[in-house]
Each structure stands twice: as C-alpha cells, then as structure tokens.
Amino acid sequence: MRCLRYWALILFLGVVPAALAQTAEKTIAFTFDDLPVSTIGQNPEPESQSQASQITAKMLAILKKHNVRATGFVNEMKLNTPGARDFYSGLLEDWLRNGHLLGHHGYSHLQFGEVTLAAYEDDFLHGDVIVPLLLNYRRINERYYR
C-alpha cells in the first residue's frame, strides 16, 4: 500500500506542474528608471537635447520592434531644466504616444534609508506634478510609484 501511495504521489507531482505550466500565463514587466533620460541629467544645451532625443527614439524603436509595452519612472527634477522644460516633457509625451506608461520615481531620486520620512514625503509630493498632468491629459488612470 505504501508503494502505491508513493507512485501516486510521483504521478501527481509529475502531472500537476505540467498542467499548471500549460495554463499559467507568464508575464514580465519592463521598466525604465530615471526618465526622461538617465544619462543626460539636467543639461539644457542643444547637443544634450539632441543626444536625449536619439536615446529616447532608439529605446522606443526597440520596444516597438519587439512589441513590448513598458513603464518609465520619472524623476521630475530632470524636467525642471531652465531653457529645456518643454523639450524634456516632450520626451515623456513620446513615451505615452508610443503606448507606454509613466510612473513616479520621486523628484530627486532620494534614497529612503538615507533621509527622514518627512524629507522623503516632501520629495514625493514635489515630484508628483508633471507626470499626473500628462497622464490625465491622455485619460490614463493607472498610477505607479517606484
């Protein structure tokens, strides 16, 4: 009897995972931090804007080529660039126009463990201005924070 239970258990363990694997849908979330462009920072110079445009266009083209939808997490401090505010906000609009989502990543990318709770909360509120406006304009109700 013990041998029969053992084989029944082996059969069960062999069949159930295979059945689950056939019916379970697997998903991957593609996310990008520190938008509008992590490598440019807050540079208003035309060559930096050109480079930011090229980087964004390449990223969006690769995502489109592979039919991938992503969420980009924005540090709004990077939008607060004198002489380039509209330009950098426009890069975020490119993400939305291409069917991607935007999320909130704090104003200045503070590290939670390195600042007070009050400072972290202030940074959150300070950085939750432009992205909600862009999402609301497109009637996107999803909100993400990283």
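The values are calculated or read from the model by the stated rules, or taken from the named source; none is laboratory data. For clarity, every value in this text was computed on a predicted model and none was experimentally measured. Neighbour counts run over all protein chains shown; Cβ positions are idealised from the backbone, glycine included.
Every residue, every condition in (1) touching a His at 6+ places or on another chain (Cβ under 7 Å); (2) farther than 21 Å from residue 28 by Cβ; (3) modelled with pLDDT under 95, yes or no:
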{"position": "73", "(1), (2), (3)": "yes, no, no"}
{"position": "92", "(1), (2), (3)": "no, yes, no"}
{"position": "134", "(1), (2), (3)": "no, yes, no"}
{"position": "145", "(1), (2), (3)": "yes, no, yes"}
**Request:** Kindly indicate which of 110, 96 is surrounded by 13 or more Cβ atoms within 10 Å (Cβ to Cβ), part of a loop (DSSP other than H, G, I, E, B) and hydrophobic (A, V, I, L, M, F, W, C).
**Result:** 110
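When residues of the stretch 34-43 are filtered for being assigned to a loop (DSSP other than H, G, I, E, B) and either among the charged types (D, E, K, R) or over 18 Å from the mean Cα position of the chain (by Cα) (or both), how many remain? First the steps, then the outcome.
In the first step, residues of the stretch 34-43 are kept if they are assigned to a loop (DSSP other than H, G, I, E, B); the result is 36-43.
This time we only want the ones that are either among the charged types (D, E, K, R) or over 18 Å from the mean Cα position of the chain (by Cα) (or both), so: 42-43.
So the count comes out to 2.
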**Complete:** Here the qualifying pairs (Cβ atoms under 6 Å; residues six or more apart or on different chains; first in the stretch 38-58 and more than 18 Å from residue 102 (Cα to Cα) and modelled with pLDDT of 90 or more; second in a helix (DSSP H, G or I) and of a type outside the set (Asp, Glu)) come out as 49/87
**Prompt:** Pick from the stretch 113-127 the residues that are assigned to a loop (DSSP other than H, G, I, E, B) and modelled with pLDDT of 95 or more: which of them is surrounded by the most Cβ atoms within 10 Å (Cβ to Cβ)?
**Reply:** 115
**Message:** Restricting to the stretch 44-93, name every residue that is among the polar types (S, T, N, Q), buried (at least 17 other Cβ atoms within 10 Å of the Cβ) and either in a loop (DSSP other than H, G, I, E, B) or under 17 Å from the mean Cα position of the chain (by Cα) (or both).
**Reply:** 56, 71, 75, 80, 81, 89
**Message:** Cβ contacts < 8 Å: first residue touching a residue at least 24 places away in the same chain (Cβ under 8 Å), restricted to the stretch 98-118; second residue small (Gly, Ala, Ser) and in a loop (DSSP other than H, G, I, E, B), any location; separation 6+ or different chain. Result?
**Reply:** 104/127; 105/127; 106/127; 107/127; 108/127
